[in-house]
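*Asks:* A single structure is presented below for examination.
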Amino acid sequence: MKFTLFYLLAITFYTLVAQNHIAPGIYSGTFKQGKFKTDVEFDIRSVDNSYHIKFNSLAQNAFGIPAGDVNLINNTLEFALQSDYYRYDFSSLPSSNNELKTTMTVDGNSYNFKLLKKNENLQGRFRSKNIRFRSSDLLLYGTIYYPDKSNGKAIYLVTSSGNQDRSASRAEAMLFAEAGFISFHIDKRGTGISDGNWQLASIPELCEDDLHALEFLHQSEKIAYANIGIKGSSQGGTKVPYLLTKEPRLAFGIAVSCPASTLLESDLNYWENRNKEVIKPEDMPQASALQKTVFQYISEDVSKEEMNRKVKENESAAWLSHVWIPQDDQVVFDKKLNFSPMPYFKAVVAPLLVIQGSEDEIIPLQSLDLIKADLKESGNEKNKYILLKGANHSMMQPDNPDFKYWQSLHPSYMSSMLKWAQKL
C-alpha cells in the first residue's frame, strides 16, 4: 500500500556525448517555493554515447527514478519525469563546470533553481553491499548499508504489502544509514530477484522470512540482537508486534501507519474513504456491508454462493457499480486479510514507537488510541505515540499550499524516529 513517486516516462533518446558541454556526474540542489523545500539530485551519466539520467530525492522517498525524453539541444540538456498526475519537464544549461541552471515546467508553470556538481572524490556518508541468504527453501536478496560513522545500532526494514521490492524502502534505508545505523532491507519473496510467491504466503510465513533476515544480519555483521531494531509501515507495521514477540531479544520496534484491526477492515475503511463522495451517506452502510462480504470471499471466509446471493439482493442499487466485485479470473484468495496485530501488542516487551498520520486514508483514525490502550498494559515507559498532523498513510504531505505538484515526507517523520531510536 505504499506508492512510488515517479515512473519511467519513455525510452531515453540517444544523444552524442561529443556534443556535450555538461560533464557527467551527480548534481544536487534544493528546490524552494514559498515555505516548501525539498532536496533534488540528478545522476547524469554517459553510456554508449548517450545520456542516462536518474532522479533522487530522499525527502520525496525517491531514489534511482529514470528520466525519459532525454535530449541535448545546443548546450541545453532536456529530460522529463512523470508522476501519477503530472509531467515534469526539465531544462538544464551549464553556467560553469560545476553548476547547472535548471528550469522545471509543470502544469504550465515554470520554476528556476540551481544544481551543483558533487565532488565524487569525497568519501560518502555510507556504503552498501548486496547480499543473499536462505529462508527455508527460498533464496532471498537484500542490501546492507554501512554508515560512515556508526552509532553501534542496526535497523531492519520489515517487508510490507504488494509486489514492491526493496526499492520501495531504499530511501529510508539510506536515511537511517546517514544517521549512523547499519540498515538492512530485502526483496520480499516473489519480488525483485527473490524466490517464492508472496500472494500465496500467510503473514506468519512472510514473517519467517523477516526472522531469517534478522538472523542473517545478526550472524554476518556480528551485531547483538540487543542492538538491532525493526521498523515497518502499513502491513509491515502490523508485522512489527508479531516479530517482537517471536524474537524478544530485539532492541525496539517502530510501527508506522498500523491499523488496530484486521487488514480486511483496513482495506474496507480505505474503500469507504474513496467512495464517500459518490455514495450517499444513507446508502454507505449497505454498500459497505456488501464490499465487506466480497473481501470476506477473497479471504475465504464466505462462499462464492453467499457473495453472489448478496450481490443479487442489491442488483438494483444505484451504488452497486462502486462496489469492487472481481471476475472469476481476477480472484486471488488471500488469508492475510484476516491478520490483526492487536493480539500481539500486549505481549511485546521491547520499546515501541507508533506513528500515525492525521490524514491517513487507509487505517481507521482511532487506531493510534486503540494501540496505545493495549500497550499501556505492558507498562513500558519507553513507548511513544505520535500523530503527525497533515501526513497521509505513506507519511507524505499531500496538500502543500505553496507547491502542490510535489509531495514530500512529513518534516517530523524521520526526525521523530531517529531521535527516539538513538536515545534507547
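*Asks:* Of everything in the stretch 343-363 that's crowded, with 18+ Cβ neighbours inside 10 Å and more than 19 Å from the chain's Cα centre (by Cα), which residue is farthest from S412 (Cα to Cα)?
*Replies:* Narrowing the stretch 343-363 to residues crowded, with 18+ Cβ neighbours inside 10 Å: 344-345, 348, 350-357, 360, 362-363.
So of that shortlist, the ones also more than 19 Å from the chain's Cα centre (by Cα) come out as 344-345, 348, 350-352.
Working: Y344: 27, F345: 25, V348: 26, A350: 23, P351: 20, L352: 17 Å.
Only one residue fits best here, namely Y344.
*Asks:* Quick check: is even one residue across the stretch 331-340 more than 30 Å from I228 (Cα to Cα), free of Cβ contacts under 8 Å to residues at least 40 places away in the same chain and either out of contact with any Phe, Trp or Tyr (no Cβ under 8 Å at 6 or more places or on another chain) or not acidic (D, E) (or both)?
*Replies:* yes
*Asks:* Anything in the stretch 343-360 that is over 14 Å from I371 (Cα atoms) and among the aliphatic types (A, V, I, L, M)? List them, or say none.
*Replies:* If the condition is that a residue be over 14 Å from I371 (Cα atoms) and among the aliphatic types (A, V, I, L, M), then V349, A350 are the ones that fit.
*Asks:* Hey, another quick one. I'm trying to understand the selection: among the residues of the stretch 395-424, which are assigned to a loop (DSSP other than H, G, I, E, B), hydrophobic (A, V, I, L, M, F, W, C) and in contact with a Leu (Cβ under 8 Å, 6 or more places away or on another chain)?
*Replies:* The first filter runs over the stretch 395-424 and keeps only residues assigned to a loop (DSSP other than H, G, I, E, B), leaving 395, 398-407, 410-412, 424.
After this cut, where a residue has to be hydrophobic (A, V, I, L, M, F, W, C) as well, the list is 395, 403, 406, 424.
Once the filter is applied, which keeps residues that are assigned to a loop (DSSP other than H, G, I, E, B), hydrophobic (A, V, I, L, M, F, W, C) and in contact with a Leu (Cβ under 8 Å, 6 or more places away or on another chain), the stretch 395-424 yields only M395.
*Asks:* Can you tell me which residue is modelled with the highest pLDDT among those in the stretch 32-80 that are outside any strand (DSSP E or B) and open to solvent by 60 Å² or more (accessible area, probe 1.4 Å)?
*Replies:* Residues of the stretch 32-80 that are outside any strand (DSSP E or B), as a first pass: 34-35, 48-49, 58-61, 67, 74-75.
Cutting the leftovers down to open to solvent by 60 Å² or more (accessible area, probe 1.4 Å) gives us 34-35, 48-49, 74-75.
Numbers: G34: 90, K35: 85, D48: 79, N49: 75, N74: 86, N75: 87.
Taking the candidates together, the pick is G34.
*Asks:* Hey, among F333, F295, which residue is more than 22 Å from the chain's Cα centre (by Cα), among the aromatic types (F, W, Y) and open to solvent by 80 Å² or more (accessible area, probe 1.4 Å)?
*Replies:* Exactly one of F333, F295 is more than 22 Å from the chain's Cα centre (by Cα), among the aromatic types (F, W, Y) and open to solvent by 80 Å² or more (accessible area, probe 1.4 Å), namely F333.
*Asks:* Mind counting the residues in the stretch 360-378 that are in contact with a Pro (Cβ under 7 Å, 6 or more places away or on another chain) and either assigned to a loop (DSSP other than H, G, I, E, B) or not small (G, A, S) (or both)?
*Replies:* 2
*Asks:* To continue, here is another question. Looking at the stretch 131-141, which of its residues are part of a strand (DSSP E or B) and touching a residue at least 60 places away in the same chain (Cβ under 8 Å)?
*Replies:* Filtering the stretch 131-141 for residues part of a strand (DSSP E or B) gives 131-135, 138-141.
Residues satisfying the conditions are I131, F133, R134, S135, L138, L140.
*Asks:* Across the stretch 142-169, what is the total count of residues that are in a helix (DSSP H, G or I) and closer than 21 Å to G253 by Cβ?
*Replies:* 3
The rows are residues; the columns are (1) at pLDDT below 95; (2) hydrophobic (A, V, I, L, M, F, W, C); (3) touching a strand residue (DSSP E or B) at 6+ places or on another chain (Cβ under 8 Å); (4) more than 24 Å from L58 (Cβ to Cβ).
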site	(1), (2), (3), (4)
I131	no, yes, yes, no
G142	no, no, yes, no
G162	yes, no, no, no
I182	no, yes, yes, no
P204	no, no, no, yes
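*Asks:* Still on this model: Please verify whether the stretch 112-131 includes one or more residues that are under 20 Å from L418 (Cα atoms), touching a Gly at 6+ places or on another chain (Cβ under 8 Å) and open to solvent by less than 80 Å² (accessible area, probe 1.4 Å).
*Replies:* The answer is no, given that none of the residues of the stretch 112-131 is under 20 Å from L418 (Cα atoms), touching a Gly at 6+ places or on another chain (Cβ under 8 Å) and open to solvent by less than 80 Å² (accessible area, probe 1.4 Å).
*Asks:* I've got another one for you. Is at least one residue of the stretch 299-306 among the polar types (S, T, N, Q) and either part of a helix (DSSP H, G or I) or open to solvent by 30 Å² or more (accessible area, probe 1.4 Å) (or both)?
*Replies:* yes
*Asks:* Using the structure shown, decide if K376 is surrounded by 14 or more Cβ atoms within 10 Å (Cβ to Cβ), farther than 25 Å from L268 by Cβ and of a type in the set (K, R).
*Replies:* no
*Asks:* Within the stretch 155-168, does at least one residue satisfy the condition of being farther than 15 Å from G232 by Cα and among the acidic types (D, E)? Steps first, please.
*Replies:* Step one: filter the stretch 155-168 for residues farther than 15 Å from G232 by Cα, giving 163.
Then drop every residue that is not among the acidic types (D, E), which leaves none.
Taking every residue of the stretch 155-168 in turn, none turns out to be farther than 15 Å from G232 by Cα and among the acidic types (D, E).
*Asks:* Of all residues in the stretch 379-389, which are part of a loop (DSSP other than H, G, I, E, B) and either open to solvent by 70 Å² or more (accessible area, probe 1.4 Å) or basic (K, R) (or both)?
*Replies:* Those that are part of a loop (DSSP other than H, G, I, E, B) and either open to solvent by 70 Å² or more (accessible area, probe 1.4 Å) or basic (K, R) (or both): E381, K382, K389.
*Asks:* Residues that are touching a Cys at 6+ places or on another chain (Cβ under 9 Å) and open to solvent by less than 10 Å² (accessible area, probe 1.4 Å): find the helices (runs of 4 or more DSSP H) completely inside the stretch 191-292 holding 3 or more of those.
*Replies:* 235-246
*Asks:* On the basis of being assigned to a strand (DSSP E or B) and surrounded by 13 or more Cβ atoms within 10 Å (Cβ to Cβ), does F176 make the cut?
*Replies:* Details: assigned to a strand (DSSP E or B): no; surrounded by 13 or more Cβ atoms within 10 Å (Cβ to Cβ): yes.
So F176 does not fit the description; no.
*Asks:* Condition (residue is under 20 Å from the mean Cα position of the chain (by Cα), open to solvent by 40 Å² or more (accessible area, probe 1.4 Å), free of Cβ contacts under 8 Å to residues at least 40 places away in the same chain and over 30 Å from M104 (Cα atoms)) applied to the stretch 395-416: is it met by at least one residue?
*Replies:* Checked against the condition, which is being under 20 Å from the mean Cα position of the chain (by Cα), open to solvent by 40 Å² or more (accessible area, probe 1.4 Å), free of Cβ contacts under 8 Å to residues at least 40 places away in the same chain and over 30 Å from M104 (Cα atoms), the stretch 395-416 yields no hits at all.
*Asks:* Confirm whether N392 is in a loop (DSSP other than H, G, I, E, B), in contact (Cβ under 8 Å) with a residue 24 or more places away in the chain, over 21 Å from I228 (Cα atoms) and under 16 Å from the mean Cα position of the chain (by Cα).
*Replies:* Yes, satisfied.
The values are calculated or read from the model by the stated rules, or taken from the named source; none is laboratory data. Please read these numbers as outputs of a predicted model, since none were measured by experiment. All Cβ positions, glycine included, derive from the backbone under ideal geometry; neighbour counts span all protein chains shown. When the accessible area is computed, the model is the full protein with side chains, heavy atoms only, and any ligands, DNA or RNA have been set aside. Shrake-Rupley method; radii C 1.70, N 1.55, O 1.52, S 1.80 Å.
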